[in-house]
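The values are calculated or read from the model by the stated rules, or taken from the named source; none is laboratory data. Since the structure is predicted, the reported quantities are computational estimates derived from the model, not experimental observations. No Cβ is skipped: glycine too gets one built from the backbone with ideal geometry, and neighbour counts run over all protein chains shown. All accessible areas refer to the heavy atoms of the entire protein, side chains included, with ligands and DNA or RNA removed. Shrake-Rupley method; radii C 1.70, N 1.55, O 1.52, S 1.80 Å.
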Amino acid sequence: MDEIVETVRTMAAALAAAVLIQTVAFQPFTIPSASMEPGLIVGDYLVVSKFAYGWSRASLPFNPPLPSGRLFEHLPKRGDVVVFRRPSNPQETWIKRVIGLPGDTVSVSDGVVTVNGQALPQRALGPGLDLDQPGRPVEQVEERQADGRAYVTFDGGPEAGDDRPVQVVPPGQLFVMGDNRDNSLDSRWSGDIGVGLLPVSNLIGRAEVVVASWKPGAALWKPWTWINLRPGRLVRRIR
């Protein structure tokens, strides 16, 4: 009997420690869609730092009905890749890149993003491969933030999201976009379709590292698929 009690205590302590770590420090996240290609692809397993921007109720499991606001709040930097609770459905966890901060003006013209009157420099890199839709032709385009941070986006040609009028980001809100620009329902779209403007309080954390990536068909309940790893995507820093 004593052994059973000790085993239960050990398991409870381990579970409590795991919940504490995921609540306060780091949380795993799996990429569910192609909206962040080419940098992040379906099957990538990420680590998200929850202390990067402070803590809110969005940081907690199940998004409990606690008061709004953030403890030890820090705003993201432009270009950060963030994981957050979708404003129109907080049970859904999404991932996008921060383009505009509170007070910024953001517009999109012919696929070129302008922030505070300055177009983000772009450089064509040639054709790319959309793993989610291999038959869709896409071009790789390097985009560079004002601080010099660069990342690669996908351009699939003229699409509805290529043009958006100037919008002022209100206090406490963020403007976010997916890197797969023509396959991302983000802040260019209203909240009932995409993200809309993202409240800072909905942030879960900053995506830091791709730990591993599994090929299509792998699943937790299929142990024989656990070895179906993409070898080139082990421990990759997220740009």
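Among the residues of region 174-202, write down those that are under 9 Å from LYS96 (Cβ atoms) and either assigned to a loop (DSSP other than H, G, I, E, B) or touching a Lys or Arg at 6+ places or on another chain (Cβ under 7 Å) (or both).
Correct list: VAL176, MET177, GLY178, ASP179, SER184, ASP186, SER187, VAL195.
Matching residues to (1) modelled with pLDDT under 90; (2) outside any loop (DSSP other than H, G, I, E, B); (3) of a type in the set (Val, Ile, Thr):
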{"residue": "ILE21", "(1), (2), (3)": "yes, yes, yes"}
{"residue": "GLN27", "(1), (2), (3)": "yes, yes, no"}
{"residue": "GLU37", "(1), (2), (3)": "no, no, no"}
{"residue": "VAL42", "(1), (2), (3)": "no, no, yes"}
{"residue": "VAL106", "(1), (2), (3)": "no, yes, yes"}
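Only one of THR153, THR105 is buried (at least 17 other Cβ atoms within 10 Å of the Cβ) and of a type in the set (Ser, Thr, Tyr); which?
Just one listed residue meets the conditions, THR153.
Would you check if PRO137 is closer than 17 Å to ARG181 by Cα, open to solvent by 30 Å² or more (accessible area, probe 1.4 Å) and not basic (Lys, Arg)?
Yes; evaluated as a whole, the condition is true for this residue.
Quick one: what pairs do we get from region 127-142, first residue farther than 22 Å from GLY43 by Cβ, second of a type in the set (Phe, Trp, Tyr) and open to solvent by less than 80 Å² (accessible area, probe 1.4 Å), C-beta under 9 Å, 6+ apart or different chains?
Sorted first by the residue in region 127-142, then by its partner, the pairs are GLU139/PHE154; VAL141/PHE154; GLU142/TYR151.
Filtering region 50-88 down to residues that are on the phi > 0 side of the Ramachandran plot and open to solvent by less than 70 Å² (accessible area, probe 1.4 Å), which residue is modelled with the highest pLDDT?
The extreme case among them is GLY79.
Can you give me the number of residues within region 115-129 that are open to solvent by less than 60 Å² (accessible area, probe 1.4 Å), in contact with an Asp or Glu (Cβ under 6 Å, 6 or more places away or on another chain) and either part of a strand (DSSP E or B) or closer than 14 Å to GLY178 by Cβ (or both)?
Residues meeting the conditions: 1.
Any chance region 205-223 includes a residue that's without any contact (Cβ under 8 Å) to a residue 40 or more places away in the chain, assigned to a loop (DSSP other than H, G, I, E, B) and open to solvent by 70 Å² or more (accessible area, probe 1.4 Å)?
Yes, that holds for at least one residue.
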